[in-house]
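Asks: For reference, the structure I am asking about is given below.
Each reported figure results from applying straightforward, stated rules to the coordinates on display, with no laboratory input. Just so it is clear, the structure is predicted and the values come from calculations on it, not from any experiment. Ideal geometry is used to build each Cβ from the backbone, glycine not excepted, and the neighbour counts take in all protein chains shown.
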Amino acid sequence: MELLRYLANNIPLFSICAVMIYIAFRNLRFRRKESLYFLAFSTILVFLSVVVEMEKYSQRMGYVMVGTIFTSLGYILRPCLLFVFILLANMEYKRTRAFYLLTLIPLGINLIIYLIPLFVGVPALRGLVFYYQAIEDGTATFNRGTFLNFTSHAISLFYLAMLVYVSTMRFQGKHRRDGIVLIICVAIIFVTVTTEVLTNRNDLLNVVCGVCMMINYIFILSVNSSRDPLTNLYDRRTYYEDVARFKSQIKGVIQIDVNGLKFLNDTYGHDAGDKALLTVGHILANSIHNAEMCVYHLSGDEFLILMFQGKNEVLEKTVSDIKLAVEETEYSVAIGYYFVNRNENVTYEVALKKAEELMYSDKERYYEISGNDRRRR
């Protein structure tokens, strides 16, 4: 009977986890890290559902120690859901030591605090966080202790603030509106955490986090569909869409072409060519100095950067940084750029053509100096 009640109460949660596990295994080969995060998240969700049911069962049966153990586990694991959420949302950025300190130290503090209730035999610690009390009818009641009982909720709110920060860092410039989905998920989870605090419940966050994770995954798929699968830069379709939407705001264009890509592919194989494209793409993504700049991988050896706001000095510094960074690699690129002055009546098409002409002139110089056959591009 208890098992049937548990299964019936958690049908929505199991459905969400089943879908996430299926998606994770389906994409495990091609998106390994992302899939492992989804598997970890689903595992924590299922385990938390068991924890919540055991808490209720312990209260009905009057098992004080069992209830204390599972309640401690629940408080320890709930922030872990948001921790995995942050890891998933922050996949595109290099995680520094400061990032890990900010995310792991709160989990350590949470662990220590919610181990305290297990020392029920120590009078000084009893009731410091929470405690169970047996009553005459054979059941047990849950009682909050001091403000330390809200540590898990406070850390959850801290992680929500980090999610907001990650979303603002990930989506800037002309694509900042793409981050609204993650902000909505954060708002929903915030309301849920607040509701649990005010109503003394602990079974709401699990399902809500599961739903938000599913929404976030669908959102990730939609974002990835606008990016080139090799370099993770915006693709040609997104380039056309951005030009159509923001053509009048474009202030600068940088055209980049990888020299000798055909020679690399023909001589060393397409894996070597892909490595070159990945290296150049990484350099371009790390060289932009303006949130109003977007990098696109148009096709093959062609890359392009659009600057929607900014000064000529910013554009020139970006070009200079790209050249210096590429010089430190085994590859070479041809670059042409053009900045539209405020008093200059130049259309985007004209600016693009001028940048392209300068890029081809740079490519010709490369082949003249290197002595390579121009046909072996």
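Asks: May I ask you to work out the translational diffusion coefficient for the stretch 18-57 at 4 °C, viscosity 1.567 mPa s, via Stokes-Einstein with Rh from the Kirkwood sum over Cα pairs, reported in whole µm²/s?
Replies: D = 120 µm²/s.
Asks: Let me ask something else about it. Distance between Cα centroids, the stretch 212-281 to the stretch 351-370: provide it in whole Å.
Replies: The stretch 212-281 and the stretch 351-370 have Cα centres separated by 21 Å.
Asks: Please return the longest stretch of the chain lacking exposed loop sites, where GluC sites (Glu not before Pro) count only if DSSP places them in a loop and at most 16 other Cβ atoms lie within 10 Å.
Replies: 137-327
Asks: Turning to a different aspect of this structure: Percent of alpha carbon pairs in the stretch 2-224 separated by more than 31 Å?
Replies: I get 24 percent for the Cα pairs in the stretch 2-224 exceeding 31 Å.
Asks: Would you kindly state how much longer the chain becomes between residue 226 and residue 263 on full extension, computed as 0.36 nm times their sequence separation minus their alpha carbon distance, in nm to one decimal?
Replies: 10.4 nm
Asks: Considering lysine pairs in the stretch 236-370 that are 8 or more places apart or on different chains, how many have Cα atoms under 24 Å apart?
Replies: Total qualifying Lys-Lys pairs in the stretch 236-370 comes to 27.
Asks: Between residue 245 and residue 347, what length comes free when the chain is fully extended (0.36 nm per residue of separation minus the Cα-Cα distance, one decimal in nm)? Mind showing how you got there, number by number?
Replies: Details: separation 102, 0.36 × 102 = 36.72 nm, distance 1.44 nm.
Stretched fully, the residue 245-residue 347 segment lengthens by 35.3 nm.
Asks: Rounded to the nearest 0.05, what FRET efficiency do residue 317 and residue 3 give with R0 = 56 Å and r taken as the Cβ-Cβ distance? Could you check?
Replies: For R0 = 56 Å, the calculated efficiency reads 0.30.
Asks: Kyte-Doolittle cut-off -0.5, length cut-off 30 Å along the helix's own axis using Cα: show which whole DSSP H helices in the chain pass.
Replies: 32-61, 64-89
Asks: Once Rh for the stretch 236-370 is found with the Kirkwood sum over Cα pairs, what is the Stokes-Einstein diffusion coefficient at 25 °C and 0.890 mPa s, in µm²/s?
Replies: Reported coefficient: 161 µm²/s.
Asks: Can you sort 16, 369, 322 from fewest to most other Cβ atoms within 10 Å of each residue's own Cβ? Numbers along the way, then the final one.
Replies: Numbers: 16 20, 369 9, 322 23.
If I rank by nearby Cβ atoms, fewest first, I get 369, 16, 322.
Asks: Continuing with the same structure: Based only on the alpha carbon positions, what is the Kirkwood hydrodynamic radius of the chain, in angstrom?
Replies: Roughly 24.3 Å, rounded to one decimal.
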